[in-house]
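The values are calculated or read from the model by the stated rules, or taken from the named source; none is laboratory data. Just so it is clear, the model here is predicted, and its values are computed rather than measured. So basically every Cβ, Gly included, is an ideal-geometry build from the backbone, and we count neighbours across all protein chains shown.
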Amino acid sequence: MRFQLTPPVAEFYKKALELKNGEAIRLFVRAGEGFFLGVEKDVRGVEDYCLTCDEVTFFIKQDDAWFYDGKSLSIQQMNDEIRLNLV
């Protein structure tokens, strides 16, 4: 799994989720009519896959790692939108 994001993305989520430095954001998978990526403020565990950018930690729990296995996740800001691209 590869995981990339930029400081503007971290800044966006800091504002949108009212995060303080050191708080974490979980990227999770939900099933419905297909699979969807979600984002929420949460507490990370010791075994979670994580990446810290601009003092915000983004993480994926072990339970969701199967979805990202062998793929690249890129999170980018495009104008006023955040795009999560999984390839």
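Residue-by-condition table, conditions (1) in a strand (DSSP E or B); (2) touching a Lys or Arg at 6+ places or on another chain (Cβ under 6 Å):
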residue: Q4; (1), (2): yes, no
residue: A10; (1), (2): no, no
residue: E18; (1), (2): no, no
residue: V29; (1), (2): yes, no
residue: E40; (1), (2): yes, yes
residue: L51; (1), (2): yes, no
residue: A65; (1), (2): no, no
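Just one of the listed residues (F28, F59) is at pLDDT 90 or above, of a type in the set (A, V, I, L, M, F, W, C) and closer than 21 Å to T6 by Cα, namely F59.
Against the numbered list (1) modelled with pLDDT of 90 or more; (2) outside any strand (DSSP E or B); (3) surrounded by 12 or more Cβ atoms within 10 Å (Cβ to Cβ), E47 comes up short only at (3). Residues in segment 67-83 that are assigned to a loop (DSSP other than H, G, I, E, B), in contact (Cβ under 8 Å) with a residue 60 or more places away in the chain and not acidic (D, E): G70, K71.
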